[in-house]
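Enquirer: Handing you this structure, nothing more for now.
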Amino acid sequence: MMVNAVQELSRWAVPLLLLIILFYAIIKRVKVYECFVQGAEEGFGIAVRIIPYLVAMMMAVSIFKNAGVMDLLTGMFGQVFVLLHIPPEVIPLAIMRPFSGGGALGIAAELINSYGPDSFIGRLASTMQGSTDTTFFILTVYFGSVGVRRYRYSLAVGLLADISTFLASVYIVNKIFA
């Protein structure tokens with residue numbers, strides 16, 4: 001029963017949100033198309049400014065993966081995950097997600113292809129993809145594009161949020177789908 005409700009909610013969430021936004025814009029007499037074009041123009045300028053940061057981040061992720069750090073961390077955290085009843089197969093996803101959305105998506109797709117979308121691991125990978133964020137990417141690209149040089153506590157808070165959402169993903173998938 002709960003699975004059906006979650007599936008129906010997820011099926012209609014985005015279309016309903018778009019309709020609500022459009023109706024709100026009509027009520028407020030906002031020129032939606034003009035606002036969209038203006039935002040797209042500003043977005044293009046921002047995209048050009050962040051290209052150097054993107055290239056640096058992609059290079060760092062590539063070095064991280066090719067140097068064997070992923071395998072080292074997977075070996076280190078494997079036993080802890082087993083003790084917490086978390087499938088060790090999701091360790092690479094949990095490690096990669098704070099660094100790279102694209103890399104994490106590739107790992108999640110591989111897990112879903114290997115174990116199936118309706119398996120515990122497939123659902124956990126999907127939930128992790130949707131609830132965690134790319135902390136290092138955000139710090140590098142977004143902060144870099146607006147000139148923030150001193151992150152202060154942003155890294156610690158971002159990584160703490162990643163850990164808490166990972167654990168919440170495990171808990172929620174266990175409660176809803178197990």
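The values are calculated or read from the model by the stated rules, or taken from the named source; none is laboratory data. In this text the structure is predicted, and so the values were computed from the model without any measurement. Counting neighbours? That spans all protein chains shown, and the Cβs are built from the backbone with ideal geometry, glycine included.
Enquirer: For the range 78-95, does any single residue satisfy the condition of being among the small types (G, A, S) and at pLDDT below 85? Break it down stepwise before answering.
Expert: Let us first name the residues in the range 78-95 that are among the small types (G, A, S), namely 78, 94.
Now drop any that are not at pLDDT below 85, which leaves 78.
Yes.
Enquirer: Can you tell me which of T140, T127 is in contact (Cβ under 8 Å) with a residue 40 or more places away in the chain, over 30 Å from E42 (Cβ atoms) and hydroxyl-bearing (S, T, Y)? Please lay out each step first, then the result.
Expert: On the way: T140 fails: over 30 Å from E42 (Cβ atoms).
The match here is T127.
Enquirer: Could I ask something else about it? Against the definition (exposed (fewer than 10 other Cβ atoms within 10 Å of the Cβ) and part of a helix (DSSP H, G or I)), how does P15 come out, yes or no?
Expert: Numbers: exposed (fewer than 10 other Cβ atoms within 10 Å of the Cβ): yes; part of a helix (DSSP H, G or I): yes.
Judged against the criteria, P15 is a match.
Enquirer: Does V30 qualify as being surrounded by 10 or more Cβ atoms within 10 Å (Cβ to Cβ) and not in a helix (DSSP H, G or I)?
Expert: On the way: surrounded by 10 or more Cβ atoms within 10 Å (Cβ to Cβ): yes; not in a helix (DSSP H, G or I): yes.
Here the answer is yes, as V30 does meet what is asked.
Enquirer: Tell me whether the range 131-153 contains one or more residues that are more than 25 Å from L54 (Cα to Cα) and under 16 Å from the mean Cα position of the chain (by Cα).
Expert: Filtering the range 131-153 for residues more than 25 Å from L54 (Cα to Cα) gives none.
Looking for residues that are more than 25 Å from L54 (Cα to Cα) and under 16 Å from the mean Cα position of the chain (by Cα), one finds none in the range 131-153, hence no.
Enquirer: Give the residue, chosen from A13, A94, that is in contact (Cβ under 8 Å) with a residue 40 or more places away in the chain and closer than 24 Å to K175 by Cβ.
Expert: Numbers: A13 fails: in contact (Cβ under 8 Å) with a residue 40 or more places away in the chain.
One residue alone meets the criteria, A94.
Enquirer: Of the conditions (1) within 25 Å of I176 (Cα to Cα); (2) touching a helix residue (DSSP H, G or I) at 6+ places or on another chain (Cβ under 6 Å), T74 fails just one. Which one is it?
Expert: (1)
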